[in-house]
Structures are given as structure tokens and as C-alpha cells.
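Below: one structure, written as C-alpha cells.
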Amino acid sequence: MKKLTTLIICVSAFVFQSQAQTIVGTTPENKNAVLEEFTGIHCVYCPQGHLIAHDILAAHPNDAVIIAIHEGSFATPSAGEPDYRTAFGTAIAGQTGLTGYPAGTVNRHVFSAGMTAGGTAEGRGTWAANANAIVTQSSYVNVGLTANVDYATRIVTIHCEAYYTANSTVANNYLNIALLQNNIKGPQTGASSNPSQVTPDGQYLHQHMLRNMLTGQWGVLIPNTNAASGMLKVDTTFTYTIPASFTSIPVAIPDVEFAAFITESHQEIITGAVTAVNAPPYDAGVSLISNVPTLSCSNTMTPSITLKNYGGTTLTSTTIYYKVDATGTVNSIPWTGSLASGATTTVVLPAITSTSGSHILYVYSGTINGSTDQNTNNDQYQQSYSSFSTNIPIDVTENFTSATFPPTNWAAIDGGDGLNWGRLTATHLTPAGSAYLNFYNIAAGQLDHLVLNPVTLVGKAGTTLTFYVAYRQYASENDRLDVEVSTNCGTTWTSKWNKSGATLKTGVATTTNFTAPTAAEWRQETVDLSAYDGQTDIMIRFKGTSAYGNNVIIDDINLTTATGIADNSTSENNVSVYPNPFTDNTTISVNLIKNETVSYNVINMIGEIVYSEKLGNLNPGTHETKFDASNLTNGMYFVNLQIGNSVITKKVTIIK
């Protein structure tokens, strides 16, 4: 068995015409596409490139290789950020002529369109078409690659073969072998453009990342390839110890893959191949958490999780651990069964009760069949959620003085990219503190919400929301802010106020990150919410929609009512539902002070209307109607009563 150093020195001697190939075909094949993708964690459009690369792999299984090279100014880490660059990226990028990011080369080939002048780099818009073109072209060499690792020692045995079905067009080719790493969790600007790679904690999973070139910067020489037809020119087996980390970034062995490709000089790539390492014997983890609503008006839930066997050995036992929030009490349940390699099963957790506010549910697996899990990177899954179990009274005042964010009685709901509502020390009034949404870095189209605990407005009149806002565009973008109201615990929302772009701005455009408004850049906004006087379970949220412009900042939120009782019929109309909870039937009672047209509908937790009825024009007094729920399943529902021009919502629970 040859060591890596032997490979680099002696590959020119690998001419094995008399030996038979074992992992590569001898009949002519078409080229495989090799996309070298130049990317960086601060490149907002690079996740779009990652998604295109993923789609190329999906379109050409076994016929495409992706190598993500973090290089250039967009890959330069800020303080505290990981460094994904390598010693090889600058030289590889330097020969492409790239002028922007994300950029890529497809087999380092010069195509007829989309190329940088005098180079091989191209924008992401042509990668797929050019990859499609490459895989239709014939190749004069076939490449095969395998990698088998000993998890106890981290030593991987790599076997590579190259069989020439025809002569090369040049005298000498070069063999390149790269170590790539998948599922590296870290930061990424613009992550929402590739949402499948955003983790539950808002981080981003980087795939196919170049970590090392085992054959050096430009590979090792394969001589005399212009007279190689019918020859197995490369047949090499060598060992390599996978390091515990690269630039302080841990290397989980199951996430490693190796790519081999053959070049003419240092440019044109003829074809390539990629292989993952063998799965570890003992490896399982939680791959999904279900039945955890993002926003709930109940403090109790019964989550379920997906347990997956990533290892090569049948899983027969493990322990599932779970807790609410990082400092919460750890609970556990045992699991036993028979789960084949690659298979999944659903495990229902016991009911979990949590306090009102924002939380994170952590679930992770333990030992496998009594043995140590050989890959702990995929053990844990987490899910953020917010629960509000009771109404809070008004008046409500929030000036974000507390360093804790979101503050008490508020929830910040991330749209999926890890960039959410946060707190600034900038303020409209003293003491310091405000809330802001980072449109400066959030990709266009992303939605994020700041939600207030439901309030009760029974016996209230003239409900009004006021707040101060500061916003400057980056140029002319239409970042948007809405104030929305829900009467059914967030199932549906109604916009009561919105501004965007030029109507939202309070100062002139700036290309710097807007975080410190001047006194003149604050503007007070007033939102009339009197239509909800007399009702309960009123939920209010600030919804931000990014146009990838600049930050919006809010402060000094006040939800108040006028003194006295509302002067409208709805505030004095009395609605009750009894019994509640109930099994099959309940009574809806409406007490009217004047003639009103009354109807109602029943809505489930996903917003579907499951029943509706018109009660017609009713005289003053008490009216009752029976609601038959015998065909409905257990759970929470909302009864929306339309009384004239007003709506009253009641929450009911069916228990059978």
C-alpha cells in the first residue's frame, strides 16, 4: 500500500497495462461535469449558487462533481467567524479571470457564452446549461474512486483508477484528488435563498467545501497520455489520516467525500468522480421535530421526532433526551426496536408544558445499542417556538430597555435565515434600547415577525397603537413594515398599517449599515385598532418584508385605550360558549342589545373553515344555537361570530 508521498512522487510510474481495472469501466463514457464554485460567507447571492449546484447534482446523479471553494474578499471572516479558506483557493481562482461572486468554472472549459473575458469563470446563470452540455461530450478517460475509513484511527484508504479508452489530446495529464466536507454549520449572508440548508438554530449548512488538495496545488503528472489508448494509466491505493479539524473547524468523518479529476495542464478538466466514505457502524440522530407550532396559544404540546439510523449497523436501542431551553431540565425516554441502516421511525415524546414566551426545544439521541455514537454532529435537532397561554391586560408599553430580547410578552419569529428582529442600544427616548430588523443583510422577500402576547380589550374603547419608526433606504429599495392583527391566535392576520420604501423612510438613503438614527430621523405612527374593542385574544405583530435594503428600527410602542366603555353595540353584546371544553355538542349564546345580522364559522388550527352557519337577523335579547362537532377531531378551534360589522372570536377545545 502506497502512502500519499509515494503517490505524489511515483504516480508517473503507474502504467499498469497488464493489470485489470476493478472500479472503472473500459468502454468509452461521456464526461462528468466538474463545477468549481467560488463562494464566501459574506456573499449574499452565493446561496443561490449553492442551490444551482445542488440542482446540477440532482439532474446528473453520478455524473457531476461540486467543489465549493471559499476564496476572495467575501470569504474573509469577521471577528469570531470561521475561516473556510484554504491554501489552494487563491491560485485556482487566479487562473479563471473571475470578476464577481458567486462565480464558477465548469470543467475549466471556455464556452461560447457567459464567460469572463479571457478566462474560464462564468456567472451562476450559465452553470446548469454548460454542465448539461459537458455531460453529452465523449471522454477519452474514465475515472473511478473509492474511500474506506477506519473510524477508530481516522485512517482512510483511497483507491483511484484512470482507464484511457482513447489517446489524450495532450502528452501529459494531471491527476487531482481533493478532500471535501459536507454539513459544515456556520454563518452565511443571504441564506434564505437556499432555505433547505438553513438549520433550526438559524445557521447554514455548507456543502462540498474544499478542505485539502491531497495531490498538491495542480495534481501529479500522468505521462505519455497521448499514447494511452486501452491502458489503465492510474491504479493507486494510498492511506491518509483525516485530521480532527481544518483551521479549527471540526471534521466529522461521515461528512467527508473525496473527488478525483484529470486535467490537461492546469486548465481543461476532462472528467471527474466523487465518492463518500463508508458509514460508521454506530451513528443515529434526531433528523426532525414535528407537532411543535411556531406560535401557539396553549402552553402544552406533544411533539414527535424522527429518529434516523445513519450507521451501518441495525439500530436496536438508544435513549432520546429532550429539554426546553438551554438551561432546562433534561428528560429522557428509552427507545427499542429494529431500525435498518438509513431507515427512520417516528417517536412521540411525552406532553411538554412551558411558560408563555419564546423557547427552544432540544432533542438528541444517546448511545447506540449500548455503544458510543461515532458521529455526534447529527445527534441533536432543535425547534424554536413561542407560546402564549393567557391574555395580558392593557395598557402595554415597550421601550426595549431590557438587554433580554425579545422582551417579556413578545416573541421574535425568524423567517428561516437566522437573521431576525433584534435589539439595538440606539433609542428614540432615554433610556437606551430599540428593536430593529436587519434588512441590510436579509435577502429580498424574507419575512420576520415581532409578535405581542394576546391582549384582552373587553370593556375597552378607542384602542390605539402608537410607535416610533426610523428607516433609511440603501438606495431605492422597498423594504416594508406592516402592523397586523389576529383574532384567532395567528391562524389568519389582517393588515392595519403598512409603509414601504419612500413612504417608510425617515431619512436620506445611505449605503452604510443604518443602526444609529438621529433625533430628526424618528417619526411617530398611529394605528387605530378600535374595531377590536370589546374582544379578547387580540394578537398584534410587526411584520418586516426585506427588499435587501437597509434596517428598520422601532421604539416606544404603546397600546392604549380611551377612558370609559366603548360606545358601540358589539362591546355590550355578550357571547358565550358552553360547555367548553366539550365532546360532541356545545351551545353558542348571543345576547344582543339591538337588531343585528348574525352568522358564525368554526376554524381549525391551520386556518380551514370546518363549519359555518347564518343565524339571520335577530332581535334584541338572548339567542342560542347548538353546534354539533361530532364529526370533528380533538383539538383547539376558533368560533368567529359576525355580529353586524363586528367580529367576536371564542376559543373552544374538543376532547373525546
Identify all lysines with a Cα-Cα distance to Lys31 below 19 Å; exclude those on the same chain that are fewer than 8 residues away in sequence.
Lys233
How far is it, in nm, from the label point at Ile155 to the one at Thr404 when both lie 7 Å from their Cα along the line to the Cβ?
5.4 nm
Compute the FRET efficiency between Val577 and Thr355 as 1/(1 + (r/R0)^6), taking r as their Cβ-Cβ distance and R0 = 22 Å, and round to the nearest 0.05.
0.25
Amide H neighbours of Phe111 at under 5 Å, excluding residues fewer than 5 places away on the same chain, with H built from the backbone geometry, are none
Using +1 at the C-beta of Lys and Arg and -1 at the C-beta of Asp and Glu, which of Asn551, Ile134, Gly49 has the Cα lying farthest in the positive direction of the dipole of the chain?
Ile134
Which FRET efficiency value, to the nearest 0.05, do you get for Ile249 and Thr397 by plugging their Cβ-Cβ distance into 1/(1 + (r/R0)^6) with R0 = 41 Å?
0.35
So, with +1 on the Cβ of K and R and -1 on the Cβ of D and E, and no other charges, what is the size of the charge dipole of segment 2-276 about its Cα centre, to the nearest 20 debye?
340 debye
Below 8 Å between Cα atoms, with a sequence gap of 6+, how large is the relative contact order for segment 571-654 in percent?
33 percent
3J(HN,Hα) from dihedral phi, segment 254-259, Karplus parametrisation 6.51/-1.76/1.60, rounded to Hz, x for glycine, proline:
x, 8, 8, 9, 10, 10
With only Lys, Arg, Asp and Glu charged, each at its Cβ (+1 for the first two, -1 for the last two), find how big the charge dipole of segment 396-562 is about the Cα centre; round to the nearest 20 debye.
160 debye
Sticking to Cα atoms, compute the Rg of the chain to one decimal and its Dmax as the biggest Cα-Cα distance, whole number, in Å.
30.9, 102
To the nearest 10 degrees, how steeply does helix 46-59 sit against the main Cα axis of the chain, on a 0 to 90 scale?
60 degrees
Please rank His266, His359, fewest neighbouring Cβ atoms within 10 Å first, as an exposure proxy.
His266, His359
As a footprinting exposure proxy, order Glu81, Glu608, Glu29 by other Cβ within 10 Å, with the fewest listed first.
Glu608, Glu81, Glu29
Checked against a 31 Å limit on the C-alpha separation, the offending pairs among Lys499/Lys594; Lys505/Lys651; Lys543/Lys651; Lys460/Lys499 are Lys499/Lys594; Lys505/Lys651
Using Cα pairs under 8 angstrom and six or more residues apart, how large is the relative contact order of the chain, in percent?
10 percent
Overall form of segment 284-387 per C-alpha gyration tensor (a/c, 1.5; a/b vs b/c):
prolate
Given charges at Cβ of Lys, Arg, Asp, Glu: the chain dipole, positive-most of Tyr101, Thr506, Thr146
Thr146
Less than 17 Å apart at the alpha-carbon level, and either on another chain or at least 8 residues along: which aspartates and glutamates does that give for Lys185?
Glu81, Asp83, Asp201, Asp255, Glu257, Asp379, Asp417
Taking R0 as 60 Å, what FRET efficiency do you get between Ile609 and Thr26 from their Cβ-Cβ distance, rounded to the nearest 0.05?
0.40
Would you mind checking which residues have amide H under 5 Å from Phe246's amide H? H placed 1.01 Å from N; only 5 or more apart, or other chain.
Val251
Mean 1/r over all different Cα pairs, inverted: what Kirkwood radius does segment 571-654 give, in Å?
13.0 Å
Based on other C-beta atoms within 10 Å, arrange Thr300, Thr105, Thr427 from fewest to most.
Thr300, Thr427, Thr105
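Each value in this text was obtained by applying a stated rule to the coordinates, not by laboratory testing. All of these numbers come straight from a predicted model, not from anything done at the bench. Neighbour counts are summed over all protein chains in view; Cβ atoms, including those assigned to glycine, are modelled from backbone coordinates with ideal geometry.
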